[in-house]
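The values are calculated or read from the model by the stated rules, or taken from the named source; none is laboratory data. Keep in mind the model is a prediction, meaning the values are calculated, not measured. Cβ atoms come from the backbone with ideal geometry, glycine included; neighbour counts cover every protein chain shown.
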Amino acid sequence: MLKETTDAFKNQQDQLCLALHSGHANAAADLINHSYKRQMLPLAQKLLRNDRQSNHLEADDLVTAVYEALLKAGGARIENFSGYAREVMRNRILAEARNGRALKRGGNNADVPLDPFLATMETEGEA
């Protein structure tokens, strides 16, 4: 019985991926809605549990990232939706970790052009 429901779920998911590839207007939203509670949310929660760096990310942030990636992909053919979703979620977690490390190390500081600074140093040294 469980295998039959799993197969039915997978078949419907494959049909939605084909609809997305064919360019159907609501295919991305339908695919997310179909997969949200059963596949996407548990996957996002698992990835966040294993990641210590992304304390401020929520599972819904990762699902939203998958939805946005589906919209950007347009008619791209997605053979394995679960793998695709996992990759998008991991990339989102990595991007957050990189941004956090960059901010920690002064990544938001303004760049100071060196040429005017060197010019003032030379004029002060001559005086």
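List of remarks:
- Ala65 being touching an Asp or Glu at 6+ places or on another chain (Cβ under 9 Å), touching a residue at least 24 places away in the same chain (Cβ under 8 Å), assigned to a helix (DSSP H, G or I) and small (Gly, Ala, Ser): no
- Among the residues of region 59-79, those identified as over 26 Å from Ala97 (Cα atoms) and either out of contact with any Gly (no Cβ under 7 Å at 6 or more places or on another chain) or of a type in the set (Lys, Arg) (or both) are Gly74, Ala76, Arg77, Ile78, Glu79.
- Taken over region 72-90, the criterion of being out of contact with any Cys (no Cβ under 6 Å at 6 or more places or on another chain) and surrounded by 13 or more Cβ atoms within 10 Å (Cβ to Cβ) is satisfied by Ala73, Ser82, Tyr84, Ala85, Arg86, Glu87, Val88, Met89, Arg90.
Here is a yes/no grid of residues against (1) hydrophobic (A, V, I, L, M, F, W, C); (2) under 14 Å from the mean Cα position of the chain (by Cα):
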residue	(1), (2)
Leu48	yes, yes
Asp61	no, yes
Ala65	yes, yes
Glu68	no, yes
Glu79	no, no
Ala85	yes, yes
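- Pick from region 24-71, criterion among the small types (Gly, Ala, Ser) and farther than 20 Å from Lys10 by Cα, ranking: surrounded by the fewest Cβ atoms within 10 Å (Cβ to Cβ): Ala25
- Filter result for Leu18 (part of a helix (DSSP H, G or I) and either aliphatic (A, V, I, L, M) or in contact with a helix residue (DSSP H, G or I) (Cβ under 6 Å, 6 or more places away or on another chain) (or both)): yes
- Which numbered condition Ala73 fails, given (1) under 16 Å from the mean Cα position of the chain (by Cα); (2) more than 26 Å from Ala19 (Cα to Cα); (3) modelled with pLDDT of 65 or more: (2)
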